[in-house]
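Novice: Please see the structure below; I have some questions.
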Amino acid sequence: MASTMDDSRHKDATSSSTCFSHFCSSALRAKTLKSSSSTNNSSDGLIRRLGVFDLILLGVGASIGAGIFVVTGTVARDAGPGVTISFILAGASCVLNALCYAELASRFPAVVGGAYLYAYTAFNEITAFLVFMQLMLDYHIGAASIARSLASYVATIFELIPALKGNIPPWVGHGGQEFFGGTLSINILAPILLAVLTVILCLGVGESSAVNSFMTAAKVVIVIFVIIVGSFKVDVDNWSPFAPNGVKHIFTGATVVFFAYVGFDAVANSAEESKRPQRDLPIGILGSLLVCVILYVGVCLVLTGMVPYNLLGEDAPLSEAFTSKGLKYVSILISIGAVAGLTTTLLVGLYVQSRLYLGLGRDGLLPSIFAKVHPIRHTPIHSQIWVGIIAAVLGGLFNVHILSHILSVGSLTGYSVVAACVVTLRWKNNTGNRVSSKCISTWCEGVLCIFLVACCGFAAGVLYRFGTHFIFMIVAVVIAIMACAALCFRQAYSDPPGFSCPWVPIVPTVCIFFNIFLFAQLHYEAWIRFIILSIVSVGIYAFYGQYHANPRLDETIIYHMAPEEDRH
């Protein structure tokens, strides 16, 4: 009897050991992609229809929403006219992140996945899945929130019709009809708008790109018109004092407006639908970001020049500024621009989500239905419909604005991982360095340095947030600099094919430090969300992902070319 029990315990221990070994071997598996000049017009792939101009408009459409008409004024109330510097600083930081994205987009130009794909290639399977889950929650909540805002703006435009003014109930467009103490907030216009955009995206990338291009061009023209008209109403005396509350508020403002630039990563996720990805993706990423910086700075200068910073409104500062100058027709144009901006932001957000689901479906980390591409439309129609349903449910039933303080975790995490990927993929003999006869391999030593930079960024962010003595922040910065120096002198770097991020590893480590610094500025509930979602992600991977994953190691990149008439 005792022998039988011992045998049973031994089998259980062996089974547990086998499961753990399988989990580790799967989780630590990395993906290797080999470039190929092959072409393939098979029906199971996406098709290349996006040119460089389409990609720039895609990035601008993802980044500039109603925020340009609201966030500028909100930050200006604290930073004063110095909000212009806040946007320049945030834009400069995003340029560094964009350089990292541009290199990897050029390095892996032929397949969808973005940050998920880069993490899968540079690190391992579990890291890639965690990045996907953090990004996806941001995208889902963000899409629902934008849909609610768009519904409100559309309802406002409808109320310009005298018969509808004041007669549109809240459950149609304005906010929502609340039940159970606000737990449920019913809105029917948001799901309708999401359904329309989902249908457009399912029709094909050509159709959705045409809609995005038209709406983006419209809002850019409106913003430029607002800047030109407003410049004639500027009083330069309003720019003095330039930083009324000190330099600290300018830097704090930069951490806030950083998120106004989020969206250029959408260009990287369109890799499989770009006509000439290795050339056009870096141009699209950096070009769209440059356009956004110029527009934001122009709006800031006009807004703070028209009205003293302390008199700016809270909800619609730009619109109120023009109304106060007797230019009410410009306020109407601003509302139209806000609708166009929100529409393109939502359209691109839904587009990016479906491509991420497509990538995981292909790799087996999600059910294979997400990997199916329509044979005629060449769109991931099942993934697109799923994304639309999730956004419609959240936007139609819940007041997602209350979840806004747990957003941006995925974006900052994704940006940091992408920067780390640039460093690790540049290491010479990257795979060989993972195994070493030394007590710690060169590869692991480099990863530890990157992790140390991230920890120092978080520590500096927390110290800055709670107003501790600046000497402690300096210590964190010095340690990060030492870790960066170790990356510079302890690793050998190779030159990548295509676009090359300058000053590696300095630029990527600066990105990591600043991104995690911003992470520390988020609400503490965002930190809790990060931890809980990470645990849930590991659980999903343990019960499904590790058994179904098919990363197609040493996969050859296949280019699905655009029709001949669309290549020019």
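The values are calculated or read from the model by the stated rules, or taken from the named source; none is laboratory data. No experiment lies behind these values; they were computed from the predicted model shown. Don't worry about glycine lacking a Cβ; one is built from the backbone with ideal geometry, like all the others, and counts go over all protein chains shown. The accessibility values were calculated without ligands, DNA or RNA, using every heavy atom of the protein model including side chains. Shrake-Rupley method; radii C 1.70, N 1.55, O 1.52, S 1.80 Å.
Novice: Angle between the Cα long axis of helix 524-540 and the longest principal axis of the chain, 0 to 90 degrees, nearest 10?
Specialist: For 524-540 against the chain, the angle is about 40 degrees.
Novice: If you don't mind, another one. Report the calculated FRET efficiency for V196 and K372 (r = Cβ-Cβ distance, R0 = 25 Å), to the nearest 0.05.
Specialist: 0.65
Novice: Taking amide H positions as placed 1.01 Å from N in the peptide plane, with prolines and chain starts having none, which residues 5 or more places from L184, or on another chain, fall under 5 Å of its amide H?
Specialist: F179
Novice: I've got another one for you. Out of residues 5 or more away from W171 or on other chains, whose amide H comes under 5 Å of its own, with H placed 1.01 Å from N in the peptide plane?
Specialist: The list, which skips near neighbours in sequence, is Q177.
Novice: A further question follows. Give me the angle, in degrees from 0 to 90, between the Cα long axis of helix 470-490 and the longest principal axis of the Cα atoms of the chain, rounded to the nearest 10.
Specialist: Rounded to the nearest ten degrees, it is 50.
Novice: How much length would be gained if the chain were fully extended between F225 and L28, taking 0.36 nm per residue of separation minus their Cα-Cα distance, in nm to one decimal?
Specialist: The F225-L28 span can extend by a further 65.6 nm.
Novice: Using a 7 Å offset from the Cα along the Cα-to-Cβ direction at both I389 and L311, what is the distance between the two label points in nm, to one decimal?
Specialist: Rounded to a tenth, the inter-label distance reads 5.4 nm.
Novice: Over its Cα atoms, what ratio of radius of gyration to 2.2 N^0.38 Å does the stretch 351-390 give?
Specialist: In units of the 2.2 N^0.38 Å rule of thumb, it is 1.01.
Novice: Moving on to the next point. Contour minus end-to-end for A243 and F543, with contour as 0.36 nm per residue of separation and end-to-end as the Cα-Cα distance?
Specialist: Answer, rounded to one decimal: 102.6 nm.
Novice: For the stretch 449-457, what does the Karplus curve 6.51 cos²θ - 1.76 cosθ + 1.60, with θ = phi - 60°, yield as ³J(HN,Hα) per residue in whole Hz, taken in order and with x for Gly and Pro?
Specialist: 5, 4, 4, 5, 4, 4, 4, 5, x
Novice: Here's something else I'd like to know. With N residues in the stretch 157-274, what two-decimal value do you get for its Cα radius of gyration over 2.2 N^0.38 Å?
Specialist: Cα-based Rg divided by the globular estimate yields 1.55.
Novice: Then there is this: I need the per residue convex hull volume for the stretch 304-350, using only the alpha carbons, in cubic angstrom as a whole number.
Specialist: Looking at the stretch 304-350, the number lands at 79 Å³ per residue.
Novice: What is the angle, in °, between the Cα long axis of helix 328-363 and the longest principal axis of the Cα atoms in the chain? Nearest 10 is fine, range 0 to 90.
Specialist: 10 degrees
Novice: At a Förster distance of 41 Å, what's the computed FRET efficiency of S324 paired with H469, Cβ-Cβ distance as r, to 0.05?
Specialist: Plugging the Cβ-Cβ distance into 1/(1 + (r/R0)^6) gives 0.45.
Novice: Roll a 1.4 angstrom probe over the protein heavy atoms and tell me the percent of accessible area of the chain that is carbon or sulfur.
Specialist: Reported share for carbon and sulfur atoms: 69 percent.
Novice: So what's the back-of-envelope 222 nm ellipticity for the chain, counting only DSSP H runs of four-plus at -39500 (n - 2.57) apiece and dividing by all residues, rounded to 500?
Specialist: My calculation for the chain gives -21500 deg cm²/dmol from helical runs alone.
Novice: Leaving out ligands and nucleic acids, and using a 1.4 Å probe, what accessible area per residue does the stretch 232-372 come to in Å²?
Specialist: Roughly 35 Å² per residue, with all protein chains present.
Novice: Pull up the DSSP beta bridges for the chain and report the antiparallel fraction as a percent, rounded to 5.
Specialist: Antiparallel bridges: around 50 percent, rounded to the nearest 5.
Novice: What spacing in nm lies between the two simple spin-label points modelled at I186 and F251, each 7 Å away from Cα in the Cβ direction?
Specialist: Taking the two extended label points, one gets 5.0 nm.
Novice: Provide the FRET efficiency to the nearest 0.05 for the L448-I294 pair, computing r from the beta carbons and using R0 = 45 Å.
Specialist: For R0 = 45 Å, the calculated efficiency reads 0.65.
Novice: For the chain, report the % of Cα-Cα distances exceeding 40 Å.
Specialist: 27 percent
Novice: Step through the table entries K165/K233; K275/K372; K219/K328; K219/K248; K31/K372; K165/K219, compare each Cα-Cα distance with 29 Å, and write down the pairs that go over it.
Specialist: K165/K233; K219/K248
Novice: Moving to a separate point now. Determine, for each peptide in 198-205, 328-335, the mean count of other beta carbons within 10 angstrom over its residues, then list the peptides with the highest first.
Specialist: With the highest mean Cβ count within 10 Å placed first, the list reads 198-205, 328-335.
Novice: For the pair Q177/F214, report the inter-label distance in nm, with labels modelled 7 Å from Cα in the Cβ direction.
Specialist: Label-label distance for Q177 and F214, simple model: 3.3 nm.
Novice: Expected output is a single nm value to one decimal: the length gained when fully extending between Y493 and F158, i.e. 0.36 nm times separation in residues minus the C-alpha distance. What is it?
Specialist: The Y493-F158 span can extend by a further 114.8 nm.
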